[in-house]
1. Over all distinct Cα pairs, what is the inverse of the mean 1/r for the chain, reported as the Kirkwood hydrodynamic radius in Å?
2. What whole-number value in Å² describes the accessible area per residue of the stretch 15-163 for a 1.4 Å probe?
3. Show me, for the stretch 35-42, the HN-Hα J-couplings you get by feeding each phi into the Karplus relation (A = 6.51, B = -1.76, C = 1.60, θ = phi - 60°), rounded to Hz, glycine and proline as x.
4. Could you derive backbone 3J(HN,Hα) for the stretch 95-102 from the dihedral phi with the Karplus parameters 6.51, -1.76 and 1.60 (θ = phi - 60°), listing whole Hz in sequence and x where the residue is Gly or Pro?
5. For the stretch 57-148, what does the alpha-carbon gyration tensor say about shape, rounded, prolate or oblate, given a ≥ b ≥ c as the root eigenvalues, a/c under 1.5 as rounded, and a/b over b/c as prolate?
6. Taking every DSSP beta bridge with both residues inside the chain, roughly what % is antiparallel (nearest 5)?
7. Quick one: grab the alpha carbon gyration tensor of the stretch 199-325, order the square roots of its eigenvalues as a ≥ b ≥ c, and give me rounded if a/c is under 1.5, else prolate or oblate depending on whether a/b is larger than b/c.
8. What is the helix-to-structure angle for 155-171, meaning the angle in degrees between its Cα long axis and the longest Cα principal axis of the chain, kept from 0 to 90 and rounded to the nearest 10?
Amino acid sequence: MKNNHNLTLTDVTTARRRIAPYIVETPVIRAHKLEPLFNGAEIYLKLENLQCTGSFKVRGVANKMLNLSPEELKRGVTAASSGNHAQAVSYVSSRLGVDACIVMPVNAPVSKVEGTRGYGAEVVLCGYTGEDRDQKCQELIRERGYSLVHSHMDPHVITGHGTVALEVYEQLRGCFDEIVFPCGAGSLTSGGALAMKLLDDTITVTAVEPAEVPRFTESCKAGQAVTVQMGQTIADGLRVSKAEVINYDLIAGNVDHLLTVDEDSIARAVKEVVTKAKIVAEPSACVGIAAALAGRIDTAVGRKIVFVISGGNIDPSMLADLVNR
Ligand SMILES: *Cc1c(COP(=O)(O)O)cnc(C)c1O
């Protein structure tokens, strides 16, 4: 039986109104130049790489922080992240004039640490694993009274991310057959799939994760949220080994197709998106296109398919390597 954790379309429309001053409505474009790669489908891209901070993460973070009390905001926030969530929390905190301390791994890419500091937050480097970072966050919560802005287990984060689907639906006036979400910890997919199915349950919802870290594919097989071994993927935003229950329940209940994709297809997708569509997207954002390239998505003539390009924060050197492959 479907368990939407009592989340409704109103939660998503309310989130949209609340976060509007803090985000941009990103464009949906038709990517004519990508279409010859497939079998005649119309290919649309929702460009969250053009979102504030370069990824959709700011949506859920803004919705979460705008639901904290004035007292909580005054005390400040903390978050654990190695990448885009960190930058989003730093950005929203500075917009709201709130103190933020972000815990990042010792081996975080310099560009992401600098990006996070650049928006104004304090950054503490701590250990290598998610557990190391979570422990440090708990310490900050105890010592400084901070509130936690979790990257994916929070209903406000999930419904905030769900606004992506709401926007696409309005921008295309409901006129599309399928929407494809990149899936890591699953908060974008859970919010987006929930909103999509509540708006129109005839639209096919697809989620794509790297074959190297197939936490939701394995969870669906097991019928419960499981943890998989961490593989090697260039999609750094999707490097999450554990499926949490709330994300699993929403995905199991609202996603029609859950696909995995190989690393070569992800690398090729980044190259095709940059060179043909002229869009700078990070590997995590290209797993949907990668699945289509691998023949896993029905791209028959006449179908209209929306791919959520979830972010554009890629190191220039990696972009150069992928384009030159
Ligand atoms: C975080 C992130 C994802 C994955 O989102 P989840 O909610 O963790 O599944 C995908 N793409 C980009 C660019 C991200 O930053």
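1. After inverting the pairwise mean of 1/r, the radius is 19.5 Å.
2. Values: 6220 Å² over 149 residues.
Roughly 42 Å² per residue, with all protein chains present.
3. Along the stretch 35-42, the couplings run 4, x, 6, 10, 9, x, 6, 7 Hz.
4. Along the stretch 95-102, the couplings run 4, 8, x, 10, 5, 9, 10, 9 Hz.
5. Oblate, because a/c is 1.5 or more while a/b does not exceed b/c.
6. Working: 6 of 35 bridges.
Approximately 15 percent, going by the DSSP bridge assignments.
7. Taking the square roots of the gyration eigenvalues as a ≥ b ≥ c, the stretch 199-325 is oblate.
8. 40
The values are calculated or read from the model by the stated rules, or taken from the named source; none is laboratory data. What you see is a predicted model, and the numbers here were worked out from it, not measured in a lab. Neighbour counts are summed over all protein chains in view; Cβ atoms, including those assigned to glycine, are modelled from backbone coordinates with ideal geometry. Each accessible area value is taken on the protein alone, full model and side chains, heavy atoms only, with ligands, DNA and RNA left out. Shrake-Rupley method; radii C 1.70, N 1.55, O 1.52, S 1.80 Å.
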